[in-house]
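Asks: Here it is: the structure, laid out below.
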Amino acid sequence: MATFPIRIGTPDGLLFEGEAERVVCRSITGDLAILAGHCNFCTALGMGEAHIVLEDGTKREAACIGGMLSVMHGSCSLLATTWEWKEDIDAERAARAKERASEKLAKGGLSDQEYKLAQAKLQRALVRLSVKE
Ligand code: ATP
């Protein structure tokens, strides 16, 4: 299958640079897949499961939490706020974060900002846990 060059990074640095057959991630408007030959494109990323399929067919899964994805002249650049490969996710930590956020939300009495922060923490934890499943 045809491949295209892709770079995946976060503000902390470059995490992957190479050829891929496909990258799948969640944008703010829904899930998307980029294949070779995609037209020039740019979108903001949401929170969700992501994966890339490498030249040899290997699938690498990750949690992607926000950022930007662009395709320019056939080359894809994914700059994520947070990108964690499946093998780097600490499931126990995510379960604890889920527990803390759920308790906070269930307890109530939160300001708008506290509510949004707890919701976002819960979402991040759920994404990490679903990638680990
Ligand atoms: P926690 O309450 O456990 O810190 P969080 O959702 O608030 O969770 P973030 O602010 O999204 O954490 O992330 C802070 C840093 O910790 C980032 O570098 C992120 O990659 C890392 N991180 C957070 N949770 C995990 C996890 N479960 N496994 C691996 N890395 C994690």
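The values are calculated or read from the model by the stated rules, or taken from the named source; none is laboratory data. Everything quoted here is computed from the prediction, not taken from an experiment. Here the Cβ positions follow ideal geometry from the backbone for every residue, glycine too, while neighbour counts run over all protein chains shown. Accessible surface areas use protein heavy atoms only, side chains included; no ligands, DNA or RNA. Shrake-Rupley method; radii C 1.70, N 1.55, O 1.52, S 1.80 Å.
Asks: Read phi for every residue in the stretch 96-112 and hand back ³J(HN,Hα) as whole Hz from Karplus 6.51 cos²θ - 1.76 cosθ + 1.60, θ = phi - 60°, with x for Gly and Pro.
Replies: The phi angles translate into 5, 5, 4, 4, 4, 5, 5, 4, 4, 5, 5, 5, x, x, 8, 6, 4 Hz.
Asks: Percent of alpha carbon pairs in the chain separated by more than 22 Å? Intermediate values should be presented prior to the final figure.
Replies: On the way: 3507 of 8778 pairs.
For the chain, the fraction of Cα-Cα distances above 22 Å is 40 percent.
Asks: Please work out, to two decimal places, the log10 of the ratio I(q)/I(0) at q = 0.14, 0.22, 0.23, 0.25 Å⁻¹ from a Debye calculation in which every Cα of the stretch 25-99 carries one identical scatterer.
Replies: -0.49, -1.05, -1.12, -1.24
Asks: To continue, here is another question. Counting only protein heavy atoms and a 1.4 Å probe, tell me what percentage of the stretch 15-57's accessible area is made up of carbon and sulfur. Please list the in-between numbers first.
Replies: On the way: 1110 of 2190 Å².
Here it works out to 51 percent.
Asks: Another question, then. With the full set of protein chains in place, find how many percent of the accessible area of the stretch 67-115 is carbon and sulfur; take the probe as 1.4 Å.
Replies: Values: 1610 of 3300 Å².
Roughly 49 percent, rounded to a whole number.
Asks: Still on this structure: Please work out the average accessible area per residue across the stretch 30-89, using the 1.4 Å probe convention, and give it in Å². Don't skip to the answer; put the middle values down first.
Replies: Details: 2830 Å² over 60 residues.
With the other protein chains kept in place, the stretch 30-89 gives 47 Å² per residue.
Asks: Provide the per-residue ³J(HN,Hα) series for the stretch 116-121, in order, calculated from phi with Karplus coefficients 6.51, -1.76, 1.60 and θ = phi - 60°, each as a whole number of Hz, with x at glycine and proline positions.
Replies: Residue by residue, the stretch 116-121 yields 5, 5, 5, 4, 5, 5 Hz.
Asks: Hey, another quick one. For the stretch 1-50, with equal point scatterers placed on the C-alpha atoms only and solvent neglected, what are the log10 I(q)/I(0) values from the Debye formula at q = 0.12, 0.21, 0.26 1/Å, to two decimals?
Replies: -0.28, -0.87, -1.20
Asks: So if each residue of separation counts as 0.36 nm, and I subtract the Cα-Cα distance between Ala106 and Gln119, what length gain in nm does that give? Present the calculation step by step, with values, prior to reporting the outcome.
Replies: Working: separation 13, 0.36 × 13 = 4.68 nm, distance 1.10 nm.
Answer, rounded to one decimal: 3.6 nm.
Asks: Once label points are set 7 Å from the Cα along Cα→Cβ at both Leu129 and Thr29, what is their separation, rounded to one decimal in nm?
Replies: Here the answer is 3.1 nm between the modelled labels.
Asks: Need the full-extension length gain, His73 to Arg96, defined as separation in residues times 0.36 nm minus the C-alpha distance. One decimal, nm. All intermediate terms of the calculation are to be shown ahead of the outcome.
Replies: Numbers: separation 23, 0.36 × 23 = 8.28 nm, distance 4.27 nm.
The His73-Arg96 span can extend by a further 4.0 nm.
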